[in-house]
Amino acid sequence: MSHLPTGASARRLVAAVQKLERNLNTAGLPRFVARLPVWWLSWHYCRMLDQKIARIKRIRGKFDRWGPAICAASPVAQEKMEMLDLDRSMRTDIEYTKGTMLELRDYCEDIGRMFDQLGYDSAALKRRQTAFMEILDASCASASRMQEALTRHDDAVLALLRAQADAATAHAARA
């Protein structure tokens, strides 16, 4: 995923766009023409957010499908003691994905601040930013539900294994 500018890079971009706008104004161009770089930048971020929204929706769709699939498969898997995530790698991967989504959220907020610094207000950009934040929040919630389903499944399988081990130990002690 390409990264949106944050911090210092956003400040440099703001400074560059403001300088370009001043130069265009100084050259005698009308204000609306001098603002074209800011408009283009906003349009560019709108397109980028559209792409990111589509990607995050696909990721959320996977979490939404996998979570219930794990719950549905759990009783059978518990009987067969399958799908045990002892090293927690699956949950760790999901947590990493959630962390990345939260970073994207921060980047989106930085972009909003950047346009505020430029004195540019775009309803289209704000709508996309709101939609992006909402899909990120929903995706993180879906990912958390999947992590919880994995934990419940693993706990149930481990309890079954402990019970079998205890029964085997008790049987061996009697023999």
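The values are calculated or read from the model by the stated rules, or taken from the named source; none is laboratory data. Note that the structure is predicted; figures quoted are calculated from it, not measured. Don't worry about glycine lacking a Cβ; one is built from the backbone with ideal geometry, like all the others, and counts go over all protein chains shown.
A few remarks follow.
- Residues (among the β-branched types (Val, Ile, Thr) and farther than 30 Å from GLY99 by Cβ) located in segment 122-175: THR169
- Residue selected from segment 135-163 under the condition more than 30 Å from ARG105 (Cβ to Cβ) and modelled with pLDDT of 85 or more, by the criterion nearest to the chain's Cα centre (by Cα): ARG162
- Complete set of residues in segment 117-144 that are charged (D, E, K, R), assigned to a helix (DSSP H, G or I) and either surrounded by fewer than 17 Cβ atoms within 10 Å (Cβ to Cβ) or without any contact (Cβ under 8 Å) to a residue 60 or more places away in the chain (or both): LYS126, ARG127, GLU134, ASP137
- ARG35 surrounded by 11 or more Cβ atoms within 10 Å (Cβ to Cβ) and charged (D, E, K, R): yes
- All conditions in (1) assigned to a loop (DSSP other than H, G, I, E, B); (2) of a type outside the set (S, T, N, Q); (3) surrounded by 13 or more Cβ atoms within 10 Å (Cβ to Cβ) hold for ARG91, with the sole exception of (1).
- Here ALA73 fulfils each of the conditions (1) at pLDDT 85 or above; (2) touching a helix residue (DSSP H, G or I) at 6+ places or on another chain (Cβ under 9 Å) apart from (1).
- The number of residues in segment 81-119 that are modelled with pLDDT under 90 and among the hydroxyl-bearing types (Ser, Thr, Tyr) comes to 2.
One line per residue, one yes/no per condition, for (1) in a loop (DSSP other than H, G, I, E, B); (2) at pLDDT 90 or above; (3) within 13 Å of the chain's Cα centre (by Cα); (4) over 16 Å from SER144 (Cα atoms):
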{"position": "LEU4", "(1), (2), (3), (4)": "yes, no, no, yes"}
{"position": "ALA8", "(1), (2), (3), (4)": "no, no, no, yes"}
{"position": "LEU41", "(1), (2), (3), (4)": "no, no, no, yes"}
{"position": "CYS46", "(1), (2), (3), (4)": "no, yes, no, yes"}
{"position": "ASP64", "(1), (2), (3), (4)": "no, no, no, no"}
{"position": "GLY67", "(1), (2), (3), (4)": "no, no, no, no"}
{"position": "ALA77", "(1), (2), (3), (4)": "no, no, no, yes"}
